[in-house]
Amino acid sequence: MKRVLVVGGGIGGVEAAIRLRKKGFYVKLISNRDYLYIYPLSIWIPTREAKFGDVTIPLDKIAKGHKFQYEVSPVKSISSQEVVLENMKRYEKGRDFDYLVVALGQDKMKPKGVEYTYSICGSPEETLKYGMLLERLVDTKKSGKLAFGFGGNPKAKEAVRGGPVFEEIFNVDTMLRRKKIRDRFELTFFAPMEKPGARLGEKAFKMLDYMFQKRGIKKVVGKKIKEFTPNGVIFQDGTQIESDLTLFTPAGTGLSLLKESDFPLNEAGFIVINKYNQVEGLDHVYALGDCVALEGPEWKAKQGHLAEVMADNIAHNIALKEGIAKGKPKSYLEHLNIMCLMDTGDGGAFAYRDNEKAILIPLPIIGHWMKKAWGVYYKLYKTGKIPKLV
Ligand SMILES: Cc1cc2nc3c(=O)[nH]c(=O)nc-3n(C[C@H](O)[C@H](O)[C@H](O)COP(=O)(O)OP(=O)(O)OC[C@H]3O[C@@H](n4cnc5c(N)ncnc54)[C@H](O)[C@@H]3O)c2cc1C
């Protein structure tokens, strides 16, 4: 039985481990966390609609449900031939693994003063801290100015993460309305692009605009950010947003750990793969999810559901190579789309974009419960209690 070492226990890595086991491979997963962090559900931590335990699944439960091995330790260095962990354990090609699957996610860009902001797209600890500070403002001070924004990466437009920021601002608005203190807070959205959200299509962009107006959320867009301070955001044209608490999601960039590897990287530091997720020039190494350089249309985006498609493709493509699967190799380019259920705390909207169409379906009230239902399904599937539905 061929052995596959999967490095990174996030959305893509865990799905790769599950899919590879289903093909009959021996699988070992390495992660620096002993749990899977479900980013799409984590938007409810700051508004106290979910606790940390509600948005995580212990790796132990997933590994038992799908019968793979795992080890919890940060990776210290990685190459096509060897993975070294902080606990000094070494995994060598040939001796310990035949195939290597890299699913380590991405780093965030670091604009000036970013330490005065909080991201909900980085470490779980940072989201918890943001939630604590928001609670202090909302429940103790009961008034304040809140800013919410995201940044871009000119070298990798697909690494911009705007969706969760829209979700968070609408969820905070809903929470403040429910507490009947919305009028004591000023909410401002900011982003350096002229049309943030437009990659989902013109209809989605217009709907976001309408929602900002309807909810009384100020909007500052198309202005380059100079720096963040403890009191807010300063733009390059000298104007500023005053803020008591700033939520900011910088765009993604390649992991610094990969710079020392022998993997080919693009100019933004993401791993160069072919359409079958095989790392260019390295026959036994595959990569997926946020750590890879994406090919494809202008509107493409790094998403969890794409990471899961890639995981399935990798399992199939390795099985094909080993003669235990039939058919053609699977390419991620054929499945490139944006799909998201955007939650507002009191409803939501389903957005879909591919080369042919851009669809937006408003889902008042039910959208919120659909996202909750997805969370229940996701946990049952990941722990091996039910099969995958889609
Ligand atoms: C708030 C939020 C909401 C989102 N909502 C959606 C959504 O609704 N739909 C959607 O499709 N996508 C969504 N996304 C995007 C989605 O979460 C990512 O695209 C997805 O997580 C990428 O999966 P990944 O496995 O590549 O990376 P990750 O999930 O980030 O996993 C990377 C893993 O590698 C581990 N790791 C990193 N460095 C090391 C190291 N040195 N040693 C060992 N382990 C390491 C990390 O701990 C982590 O477990 C959302 C993202 C965020 C932040």
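Values in this text are rule-based calculations from the coordinates and carry no lab data. Since we're looking at a predicted model, the values are computed, not measured. All Cβ positions, even for glycine, are placed from backbone atoms using ideal geometry, and neighbour counts span all protein chains on display.
Using Cβ counts within 10 Å as a stand-in for footprinting exposure, how do SER143, SER119 rank, fewest first?
Ranked by crowding around the Cβ, least crowded first: SER143, SER119.
What list do you get for ARG19, ARG33 if you sort them by fewest beta carbons within 10 Å?
ARG33, ARG19
Which three numbers, in whole Å and largest first, are the semi-axes of the equivalent ellipsoid of segment 217-357 derived from its Cα gyration tensor as √(5λ)?
37, 21, 12
Determine the equivalent ellipsoid of segment 172-275 by diagonalising the alpha-carbon gyration tensor, then write out the semi-axes as square roots of 5 times the eigenvalues, largest first, rounded to whole Å.
The answer is 33, 19, 15 Å, longest axis first.
For segment 290-382, just the Cα atoms, rotate onto the principal axes and tell me the three extents in Å, largest first.
49, 34, 24
Mind grabbing the base-10 log of I(q)/I(0) for segment 1-152 at q = 0.14 Å⁻¹? Debye formula, identical points on the C-alpha positions, no solvent, two decimal places.
-0.78
If a paramagnetic tag sat 7 Å from the Cα of LYS76 along the Cα-Cβ line, which residues of segment 1-34 would have the backbone N under 16 Å from that point?
In segment 1-34, the label zone of LYS76 (backbone N under 16 Å from the point 7 Å along Cα→Cβ) covers 31-32.
Between ASP237 and LYS219, 0.36 nm times their residue separation minus their Cα-Cα distance comes to what?
Residue separation times 0.36 nm, minus the Cα-Cα distance, leaves 4.9 nm.
Rounded to the nearest 500, what is the 222 nm mean residue ellipticity of the chain from helices alone, with -39500 (n - 2.57) per DSSP H run of 4+ residues and division by all residues?
Only helices count here, giving -8000 deg cm²/dmol.
Put +1 on the Cβ of each Lys and Arg and -1 on the Cβ of each Asp and Glu in the chain; which of GLN81, ILE57, VAL160 then has its Cα farthest toward the positive end of the dipole?
Result: ILE57.
Size of segment 109-251 along its principal axes in angstrom, Cα-based, largest extent first?
42, 33, 32
Going down the table (LYS110/LYS259; LYS224/LYS259; LYS195/LYS219; LYS110/LYS224; LYS23/LYS67; LYS108/LYS223), which pairs top 22 Å between alpha carbons?
LYS224/LYS259
Using θ = phi - 60° and the Karplus curve 6.51 cos²θ - 1.76 cosθ + 1.60, what whole-Hz ³J(HN,Hα) does each residue of segment 223-229 get, with Gly and Pro shown as x?
Karplus-based 3J(HN,Hα) across segment 223-229 equals 10, 6, 7, 8, 6, 9, 10 Hz.
Where q = 0.17, 0.33 Å⁻¹, what log10 of I(q)/I(0) comes from the Debye formula for segment 324-364, counting one point per Cα?
The Cα Debye sum returns log10 ratios of -0.59, -1.07.
What's the exposure ranking of SER79, SER123, SER31, going from fewest to most Cβ atoms within 10 Å?
SER123, SER79, SER31
What's the magnitude of the charge dipole for the chain around its Cα centre, counting Lys and Arg as +1 and Asp and Glu as -1 at the beta-carbon? Answer in Debye, nearest 20.
980
Can you list residues whose amide H is under 5 Å from GLY222's amide H, if they're 5+ apart or on another chain and H is modeled 1.01 Å from N?
Those qualifying (amide H under 5 Å, at least 5 residues apart or on another chain) are ALA191, MET193, GLU194.
Per residue of segment 73-84, what does 6.51 cos²θ - 1.76 cosθ + 1.60 with θ = phi - 60° give for ³J(HN,Hα)? Whole Hz please, x for Gly and Pro, Karplus curve as stated.
Once rounded to whole Hz, the list reads 6, x, 7, 8, 8, 9, 8, 5, 9, 7, 10, 10.
Hey, how many Å between the Cα centroid of segment 222-270 and the Cα centroid of segment 100-170?
The two parts, judged by their Cα centres, are 10 Å apart.
Which percent of the Cα-Cα distances in the chain go past 39 Å?
Tail of P(r) above 39 Å: 17 percent of Cα pairs.
Residues of segment 59-91 with amide nitrogen under 15 Å from the 7 Å Cα-to-Cβ point of ILE324?
Within reach of a label on ILE324, which here means backbone N under 15 Å from a point 7 Å along Cα→Cβ, segment 59-91 contributes 67-69.
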